[in-house]
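Undergrad: After the structure tokens below, expect a handful of questions from me.
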Amino acid sequence: MARIRSNYQKLQLALFCGSCLIILLYLVLFYAQVLGPGELLGTSPLNLAIAGLHVVYFILLRSWLNGHSTLSATVADLIFFSLNILILVLVTGGFQSAYFVFWIFIILISAALGAEVMYAYTGITASYFIVATLLSNDWLGYLHHHAAYLIASWIAGGLGLWLWRNHPAAESKDHQVNQLSEKLNVEQIKSEILLKSIGDGVVVISLDGEIQLFNGPACVITGWPQDEAIGVNYRSVLILEDEAGKQLTDEDDPFHKVMSSKSSVRRTNLMLLNRNQRKIHLSLVASPIFSGSSQVTGAIGVFHDISAEKAAARQRDEFISTASHEMRTPVAAIEGFLALAMNDKVAQVDDKARMYIEKAHASTQHLGKLFQDLLSVTKLEDGRLANHPEPFELGKLIKTAIDELNFKAEQKNIELKLKSSHETGNIKADNDVLPLFYINADPERIREVFINLVDNAIKFTPEGQVNISIGGDDRQITVGVHDQGIGIPKDEIPHLFQKFYRIDSSATREIGGTGLGLYLCRTIIELYNGHIWVESEEGKGSDFYFSLPRLTYAQAQEIKAKLEKARKGVPKPQEPGETVAPNTTNT
């Protein structure tokens, strides 16, 4: 590459010197013409205009063009120089012009840009010779006297090809090909190193489902050698199942989804049956591969064996579940005995002892709630929590739950109010009849969500009232719990429904909590295709909402009828797309 650049620089230097010589000649001749009459030796306004353009190009553009493409700058120099010489030769006698030697020089150096360029210049010379001969009165004499010039141009061209037999243009093309080949080899090496260094399995699948790439970790996870896996349909190598052990259909297959939806798919709940018939827990991310025209040409999958992580999580959950279950019994017993000690009909204690017993009773209640929350989370995440969805009227459930919570609210001098936000506006529940709001969910699970939200509102409201609203439209029902408490900082709201997350402030530390209640609420609502959110401003209270899909009365009755048939032993027909939400709970 350095030699090619050096050849270009030599050629440019020669052209530059020739151009400077011509421009200098123009200046001398122009100066002589201005001083007095005399022969201008072929200079014309056209020559001067081209020379002026050459100067402007050289000053303003040549450095920029040379920085982007040395070849382009060299060609531009040659064109300017050639035009000047060609016009001078034509207006000063043709072959007999004193400037013809410059034209021979151009033919000599043009070979540096390739044989085609040299042939073009010798072709121009031959064409001029033929035309001049035909126009001559004595064409035989013209041919006799001027043939030497034509032969000289051919000799100059041949000499140029010999001098520039390894001319930079040819070398440049060869170099570009070699450079591209080297670049492709380097990229291939990089890809191979990257694939070998990745600890996860990587598979590339064509549009027709054939495996095109299969790295080492993929071989280890699946048990398939690389040479046997490549070219085989991926379904024969990646036998995927759900966690229940059912083989995936086309609708559930991540690679099929990727190529049909043109978007990435992430799954962490897959099982892989490897070649040794051993089931492996798999985490997989599949993404589409696009062509230049944004057409999907295949898919790439990155997968990881998470069997060890799943086993550790299962052991952890089993420990938490067992510990929580075993500890609830003695804690419940302690709470019961403390309640008896506070009962004046059972035991007589002085005021100071009663104060200690009441604090101990509150602490055991808090401990019992913690165990209940931990147990609920583990059952929720492994699907063991009882779940029996059925149509029911949500307004009735909320009224009953409010009656149960009134006693706790009155202890803090807080008033619970139920209002309807239906189309008729805000209506007090004790004066007007609420609209019928039917949903399909487990009543016990929804009751736990509602009680959890109202219980939090009571805890974080020093005094005043907690308003409960219920309303909706034809598609969904929205329940709101509005308190007048301490509020939630804006930056805490996005994390509020995460597991074990608690707002770090003196007020929340004093009130206490497990950090699991809102996480359970969110999981329950989302499993029933609902949505839960909060609107709050620090110091101005909080508004918690959850929404669920609404059923019409006719839909509720139809589902109830199906459930009745199922209870009587008649198999329930599976509706297309119908799913039963997993079991969830909250405290």
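Undergrad: Going by amide H atoms built from the backbone, whose H comes under 5 Å of the H on V232, apart from near neighbours?
TA: I211
Undergrad: If I compute solvent accessible area with a 1.4 Å probe over the protein chains, what percent of it on region 200-353 is carbon and sulfur? Before the final figure, lay out the partial values.
TA: Details: 4660 of 8700 Å².
Heavy-atom surface of region 200-353 belonging to carbon and sulfur, 1.4 Å probe: 54 percent.
Undergrad: Of K359/K408; K419/K459; K408/K560, which pairs sit farther than 23 Å apart, going by alpha carbon to alpha carbon? Kindly include the intermediate steps, with their values, before the conclusion.
TA: Numbers: K359/K408 16 Å; K419/K459 21 Å; K408/K560 35 Å.
Table pairs above 23 Å Cα-Cα are K408/K560.
Undergrad: Karplus couplings for region 207-215 from phi (6.51 cos²θ - 1.76 cosθ + 1.60, θ = phi - 60°), rounded to Hz, Gly and Pro as x?
TA: Result, rounded to whole Hz: 5, 8, x, 7, 6, 10, 9, 8, 8.
Undergrad: Is region 87-142 rounded, prolate or oblate when judged by the Cα gyration tensor, a ≥ b ≥ c being the square roots of its eigenvalues, rounded requiring a/c under 1.5 and prolate requiring a/b larger than b/c?
TA: Oblate, because a/c is 1.5 or more while a/b does not exceed b/c.
Undergrad: I've got another one for you. Quick one: which residues, 5+ away or cross-chain, put their amide H under 5 Å from the amide H of F392? H built at 1.01 Å from N.
TA: I439, A441
Undergrad: If you don't mind, there's one more thing I want to ask. Can you work out the Karplus-derived ³J(HN,Hα) for every residue in region 343-351? Use 6.51 cos²θ - 1.76 cosθ + 1.60 with θ = phi - 60°, whole Hz, and x for glycine or proline.
TA: 7, 5, 6, 9, 9, 10, 10, 6, 5
Undergrad: Check which residues have an amide H placed less than 5 Å from G485's amide H, if you skip close sequence neighbours.
TA: When sequence neighbours closer than 5 places are left aside, the close amide H contacts are G541, S542.
Undergrad: So what's the gap between the Cα centers of region 244-290 and region 197-215, to the nearest angstrom?
TA: 13 Å
The values are calculated or read from the model by the stated rules, or taken from the named source; none is laboratory data. Keep in mind it's a predicted model, so treat the numbers as computed, not measured. Accessible surface is based on the protein model in full, side chains and every heavy atom, while ligands, DNA and RNA are left aside. Shrake-Rupley method; radii C 1.70, N 1.55, O 1.52, S 1.80 Å.
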